[in-house]
1. Here are Thr159, Thr149: which of them is at pLDDT 95 or above, part of a strand (DSSP E or B) and under 28 Å from Tyr82 (Cα atoms)?
2. If I filter the stretch 266-281 for residues that are part of a strand (DSSP E or B), of a type outside the set (Gly, Ala, Ser) and at pLDDT 90 or above, do I get at least one hit?
3. For the stretch 173-203, give me each residue that is of a type in the set (Asp, Glu) and either part of a strand (DSSP E or B) or touching a residue at least 40 places away in the same chain (Cβ under 8 Å) (or both).
4. If you check every pair at least six apart or on different chains, which have Cβ atoms under 6 Å apart with a residue in the stretch 244-262 that is touching a residue at least 40 places away in the same chain (Cβ under 8 Å) and closer than 8 Å to Phe213 by Cβ first and a residue that is aliphatic (A, V, I, L, M) and surrounded by 15 or more Cβ atoms within 10 Å (Cβ to Cβ) second?
5. Kindly provide the set of residues from the stretch 70-106 that are surrounded by 24 or more Cβ atoms within 10 Å (Cβ to Cβ) and acidic (Asp, Glu), ordered by number.
Amino acid sequence: MNRRAFLALLGGLAAGAAVGVWPRPASASTPASPSASPPAPGGDGVPAELPAIPILMFHRIDENPHSPEGISSEQLTRVLEYAWEQGYYPVNMSDIFLGRVDEIVPRGRMPLGITVDDAHRSVIFSRKTTIHADQRNERSFIEIFGDSTARHNLPPRATLFLSAVVARHTGPDGGYFGGQMSLAGVLDALSVMPGVEAAYHTRRHPRMRAMGFKQTRAVMEDQMEQFCALGVLDRIARILAYPYGARPDDQGVQALRELGFLGGVLAFPGVREGRYDEVPLCYYDGRLLNDPFLVPRVGIGALTYAFGAITAGERFREIDPVEDFRKDAQSIPRTYRSRGPAAPVETS
């Protein structure tokens, strides 16, 4: 497909719901405008009356205890088991952005956003690995997540944010699942888990902080054009995870809006360790209350490393991921509880 045809197709998608297979429900509320965003928590500024949804951010499975962005199979299993035992219920980002959490989550249960960045091989594919002469079975994120939700009779709902090239920490296995299967093939395989969606993380993982209109649009059109060439453009949710959690400037956000994006998600080491000036909680009360392009997530386990808090080795030695999640959850003044039906509604 030539570039003119691609741009024509892109314009047609943006003129519609701009989300491909994730159309906005007619009953969904319109997200709040940026000016309506709640004040940032902290001291007397905590808006305790507003409920929030924790959104967890993962990157990869790695049995190496010093992996900078990894979590082991055993650690991920324990985090998920703890979450379900506490009454959390998995949702993906489209559920939050489209205001359909109450359609998915049974009444009284607490929604928990599940996201995975970078499209690392370990998200989809399991393997045998050797750590210090000890052979281990490194199970994939999807396998662990699917087994864990099945044990608790929960629907496996999550968002996989996709990049084609991720340098430095991920090595050759980073980006579009390590090249072990075509992206279309991976999405076909994931169709047995219809609540697991794919979304944008840019093609080459650049730092987008302070990017303007023209550069932001070029970065996103680059990945859209690749998705179009791969035949998957209409299968990718129009939601962006900013690489390194770095948001473009206001003009860059305007470019995202014009391309039909519902919003963008940030990254923090943890709720209790919120940094920068963005709101470190995802406020939700039947609809998303944050500026939709400033929706925060929190990292679990070693991910604090990426933000310069402490090193990866220290993170694994001193902080248990379950304890990490427990403290993050306790930092939320009021966790949102679904007002939906007593039983979940089947939906894709």
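The values are calculated or read from the model by the stated rules, or taken from the named source; none is laboratory data. Just so it is clear, the model here is predicted, and its values are computed rather than measured. Neighbour counts are summed over all protein chains in view; Cβ atoms, including those assigned to glycine, are modelled from backbone coordinates with ideal geometry.
1. Within the list Thr159, Thr149, the selection yields Thr159.
2. Within the stretch 266-281, the subset part of a strand (DSSP E or B) is 268.
Add one more test, that the residue is of a type outside the set (Gly, Ala, Ser), and what stays is 268.
Filter once more, keeping what is at pLDDT 90 or above: none.
The answer is no; no qualifying residue exists.
3. Start the filter on the stretch 173-203 by keeping residues that are of a type in the set (Asp, Glu), which leaves 173, 188, 197.
Across the stretch 173-203, the qualifying residues are Asp173, Glu197.
4. Gly252/Met211
5. Asp95
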